[in-house]
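Q: Attaching a single structure in structure tokens format; questions to follow.
Every read-out reported here was derived from the displayed coordinates using simple, explicitly stated rules and does not represent laboratory data. The model shown is predicted, which means the values in this text are computed figures rather than measured ones. In this analysis, Cβ positions are derived from the backbone assuming ideal geometry, glycine residues included, and neighbour counts consider all displayed protein chains.
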Amino acid sequence: MAETTVIETADLRKRYGDTEAVRGLTLQVPGGSIFGFLGRNGAGKTTTIKLLLGMARPSGGDARVFNLPASSGPSSVAIRRRTGFVSEDKDLYDFMTVEEMIRFTAPLYPKWRKDLEERYLRKFELRPSQTVKSLSRGMRTKLALLLALCRGADLLILDEPTSGLDPAMTEEVLQALVVHVASEQMTVFFSSHQIAEVEQIADHVAIIDHGRSVVAGALDDLRERYRRIQLVFDADAPAWTFTSPGVQRIRRKGRVITLISSAGSGHVANEARALHPVSIDVTPLSLKDIFLETVVSED
Amino acid sequence: MLWYKSWLETRWRFFIGLGLFMLSAGGVIYAYPQVMKLIPRASDLDMSGALGQRIKDAVELSRDYRGYVWGQWTRQNLTQFTTLFAIILGSGGPYSQRSELFTLSLPVSRQRLVGVRSMAGLGELLVIVVVSSLMIPLLSPSVGQSYGVGNALVHALCAFVAGAAFFSLATLLSTSFSDIWRPLLIACSVAAVLWVVEQVARGFSPYSIFTVMNGETYFRSGRLPWVGLLASTGLSAAMLYGAAANIERRDF
């Protein structure tokens, strides 16, 4: 990829009536990454994707893809020419057959990959004569994925790609995606609320909650930085305001203080020692822990 | 390929419309001998009141073959079916098939999508109207009559140009609603109201869109309803422009 940053948003906002679906989202997706966009249902993931693809206009802020403004009509067409997209509902044309869907989509993309089309038709066991209407949800997902992968796109945007699929089908779809990305130079931006699948294939992650990004970075870096530090005291835990950098959460219960740090444990542990705890336990956080601590705890 | 999609999307409406129009045209031709047998008996009917006046009018028109075709086919079936199918073909549109996100993800501007869909729909309407109208000169010799191809084409074009206003209305409504039914029902209601106004206020009749559609001035005096045709074209263009502007600013 020529671009160092493929997707970039700055203070992006989208309001629908009284509801603010996206509230000042700032995000950077590096070229060549598999970027997991995690969030609960209604967090603003789909709205963000619609803003990136020009399906909705932002109420404020800026969204750029391939360094082109997503909100401008002509730029948006240029962005979509280089982007493969699979929507959450896998909405395709029910009145077409599999073959008609392909014959309709292919000419719109100058870099359409006929070799991949044949490969995925075989691999996904899609019958060209079958109508889209008669496809199961899993087969519909496979067709939507085929139509996105064969575009010769530089960027793949997937909105909850495994939504509604059984575990076996989910695994099959994810494996196809991983194998494809490994052989083609492309960036993948996919939204999900399934932490396990993000952890399985993503190398970068952003967690969105109530329309803003609460955590973002390389997955390995996040695992390296996020720590749970538990302090146990021989009497009630002291009321102490921690000033160390990276302290995200503090929970005090009886003789125990639990802290979540996004900057390792060193500074917090040093500060904690001044309180003379009986013990200091430091444990790394999984992506699931980070998600739960940053999103669920916000309630 | 957008033409291909529009065709696949509307082909059944097109075929059903074409079939119905052709059956209707054939029915009018083959009913002619029976109608001729009934004409002498019409003098026994009570022709007082508004209904009687209409029967009298129909009987008078039917005394000559061109008048019969205009009264039975052009003024009734062609005008009514064109209105209905213009609305049916204009309803729906590229953004109301529960597949809007796939369509919007394509590297095509929204205006082009609306433009292609509209042109495809209008093209289908034109084919339906012209082909079915040409059935009249084609089938007339089978009942011992003749009918000019030029006449058939002029009436078909009047029906198409004025009918395009209903197509454009349905297209405009389809860009405001996400389902197919509301645009269909609202456009049909507008057509019904215009028809009722024409029937109740007879003085309004010369200015009615249905009078433009049936080409009454051409039938009676050989003059094309230019003002009506131009007004219909302008109205259609304005509504299609409105549809494109509507879809351009809409959030999905």
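Q: I'd like the distance separating the alpha-carbon centroids of segment A:179-241 and segment B:163-224, in whole Å.
A: 60
Q: Given R₀ = 51 Å, FRET efficiency for residue B:195-residue A:68 by Cβ-Cβ distance, to 0.05?
A: Given R0 = 51 Å and the Cβ-Cβ separation, E is 0.50.
Q: Pick out, from B:15, B:53, B:120, the residue whose Cα sits farthest towards the positive end of the charge dipole of segment B:1-126, with +1 on the Cβ of Lys and Arg and -1 on the Cβ of Asp and Glu.
A: The Cα lying farthest towards the positive end belongs to B:120.
Q: What is the distance in Å between the Cα centres of segment A:84-105 and segment B:53-68?
A: Between the Cα centres of segment A:84-105 and segment B:53-68 lies a distance of 54 Å.
Q: Still on this model: Show me the GluC sites (Glu not before Pro) within segment A:219-299 that DSSP assigns to loop and that have at most 11 other Cβ atoms within 10 Å of their Cβ.
A: The qualifying sites: there are none.
Q: Additional query: What nm value, rounded to one decimal, do you get for the distance between residue B:226 and residue A:136 when each label is placed 7 Å out toward the C-beta?
A: It works out to 6.7 nm between the two label points.
Q: Still on this structure: Can you compute the FRET efficiency between residue B:181 and residue A:99 using 1/(1 + (r/R0)^6), with r the Cβ-Cβ distance and R0 = 45 Å? Round to the nearest 0.05.
A: So, using R0 = 45 Å, E works out to roughly 0.90.
Q: Straight-line reach only, C-alpha to C-alpha below 15 angstrom: list the aspartates and glutamates that residue B:37 could link to, leaving out same-chain residues fewer than 8 apart.
A: In chain and number order, the partners are B:60, B:64.
Q: Follow-up. Relative to the Cα centre, what is the charge dipole magnitude of the protein assembly as shown, using +1 at the beta carbon of each Lys and Arg, -1 at the beta carbon of each Asp and Glu, and rounding to the nearest 20 debye?
A: 1260
Q: Related question: Of all DSSP beta bridges in the protein assembly as shown, what percent run antiparallel (nearest 5)?
A: 70
Q: Does anyone have the angle between helix A:114-123 and the longest principal axis of chain A? Alpha-carbon axes, 0 to 90°, nearest 10?
A: Approximately 70 degrees, to the nearest 10.
Q: Grab the Cα-Cα distance for residue B:131 and residue B:1, subtract it from 0.36 nm times how many residues apart they are, and report the gain in nm with one decimal.
A: 44.3 nm is the gain from fully extending residue B:131 to residue B:1.
Q: Using a Förster distance of 22 Å, how high is the FRET efficiency between residue A:201 and residue A:4, based on the Cβ-Cβ distance and rounded to 0.05?
A: E(calc), rounded to 0.05, equals 0.50.
Q: Then there is this: Among A:207, B:162, A:12, which residue has its Cα positioned farthest towards the positive end of the charge dipole of the protein assembly as shown, with +1 placed on the Cβ of Lys and Arg, -1 on the Cβ of Asp and Glu, and the dipole taken about the Cα centre?
A: Of the candidates, B:162 comes out farthest on the positive side.
Q: In degrees between 0 and 90, to the nearest 10, how far off the longest principal axis of chain B does helix B:226-249 point, with axes built from Cα atoms?
A: Tilt of helix B:226-249: around 20 degrees.
Q: Along each of the three principal axes of the Cα atoms of segment A:163-268, give the extent in whole Å, ordering the values from largest to smallest.
A: Its Cα atoms span 56, 28, 25 Å along the three principal axes.
Q: Distance in nm between label sites at residue B:248 and residue A:41, each 7 Å beyond Cα in the beta-carbon direction?
A: My value for the distance between the label points is 3.8 nm.
Q: At 10 °C and a viscosity of 1.306 mPa s, what translational diffusion coefficient does Stokes-Einstein give for segment A:226-294, taking Rh as the Kirkwood radius over Cα pairs? Give it in µm²/s as a whole number.
A: It comes out at roughly 133 µm²/s.
Q: Something else: Before anything else, pin down the relative contact order of segment A:5-220: Cα pairs under 8 Å, at least 6 apart, normalised by residue count, whole percent.
A: Averaging sequence separation for qualifying contacts and normalising by length gives 30 percent for segment A:5-220.
Q: If you don't mind, another one. Give me the dipole magnitude in Debye, nearest 20, for chain B about the Cα centre, with unit charges on the beta carbon: positive for Lys and Arg, negative for Asp and Glu.
A: 200
Q: Which trypsin sites (Lys or Arg not before Pro) in segment A:1-51 pass both tests, a DSSP loop state and at most 11 other beta-carbon atoms within 10 Å?
A: Filter output for segment A:1-51: empty list.
Q: Hey, another quick one. Suppose we keep just the DSSP beta bridges with both residues in chain A; what percent of those would be antiparallel, to 5?
A: Looking only at bridges with both residues in chain A, the antiparallel portion is about 70 percent.
Q: Per DSSP H run of at least 4 residues, take -39500 (n - 2.57); add these up for the protein assembly as shown, divide by its residues and hand me the 222 nm value, nearest 500 deg cm²/dmol.
A: Calculated from helices alone, the mean residue ellipticity at 222 nm is -16000 deg cm²/dmol.
Q: Using alpha carbons only, how many degrees (0 to 90, rounded to 10) separate the axis of helix B:149-174 from the longest principal axis of chain B?
A: For helix B:149-174, the angle is close to 40 degrees.
Q: With a sphere of radius 13 Å drawn around the Cβ of residue A:237, what net charge do the other residues whose Cβ falls strictly inside it have (Lys, Arg +1; Asp, Glu -1)?
A: After counting each charged neighbour, the total is +2.
Q: Using all C-alpha to C-alpha distances in segment B:120-181, build P(r) with 10 Å bins and read off the rounded percent in each one.
A: Going out from 0 Å in 10 Å bins, segment B:120-181 shows 21, 38, 23, 13, 5, 0 percent.
Q: Based on the alpha-carbon gyration tensor of segment B:183-224 and its eigenvalue square roots a ≥ b ≥ c, which shape applies: rounded if a/c is under 1.5, prolate if not and a/b is larger than b/c, or oblate?
A: Since a/c reaches 1.5 but b/c is at least a/b, the shape of segment B:183-224 is classed as oblate.
Q: Determine the sum of side-chain charges near residue A:281: Lys and Arg each +1, Asp and Glu each -1, restricted to other residues whose C-beta is under 12 angstrom from that of residue A:281.
A: Residues close to residue A:281 contribute a combined charge of +2.
Q: Just grab the label-to-label distance for residue A:125 and residue A:106, each label 7 Å out from Cα along the Cβ direction, in nm (one decimal).
A: Using points 7 Å along Cα→Cβ, the separation is 2.4 nm.
Q: Ratio of alpha-carbon Rg to the 2.2 N^0.38 Å globular estimate for chain B, to two decimals, please.
A: Relative to the rule-of-thumb radius for its length, chain B sits at 1.10.
Q: On to the next question. Hand me the tally of lysine pairs in segment A:5-220: alpha carbons under 29 angstrom apart, and the pair either on different chains or 8 or more positions apart.
A: For segment A:5-220, the number of qualifying lysine pairs is 26.
Q: Can you give the relative contact order of segment B:138-252 as a percent, counting alpha carbon pairs under 8 Å and 6+ residues apart?
A: For segment B:138-252, the relative contact order is 39 percent.
Q: While we're here: Can you tell me the alpha carbon radius of gyration of chain A divided by the globular rule-of-thumb value 2.2 N^0.38 Å?
A: Rg over 2.2 N^0.38 Å, computed on Cα atoms: 1.15.
Q: Using Cα pairs under 8 angstrom and six or more residues apart, how large is the relative contact order of chain B, in percent?
A: Averaging sequence separation for qualifying contacts and normalising by length gives 25 percent for chain B.
Q: Kirkwood Rh and Cα-based Rg: tell me the resulting Rg over Rh for the protein assembly as shown, rounded to two decimals.
A: My calculation of the ratio gives 1.18.
Q: Counting other beta carbons within 10 Å of each Cβ, put B:7, A:112 in order, fewest first.
A: B:7, A:112
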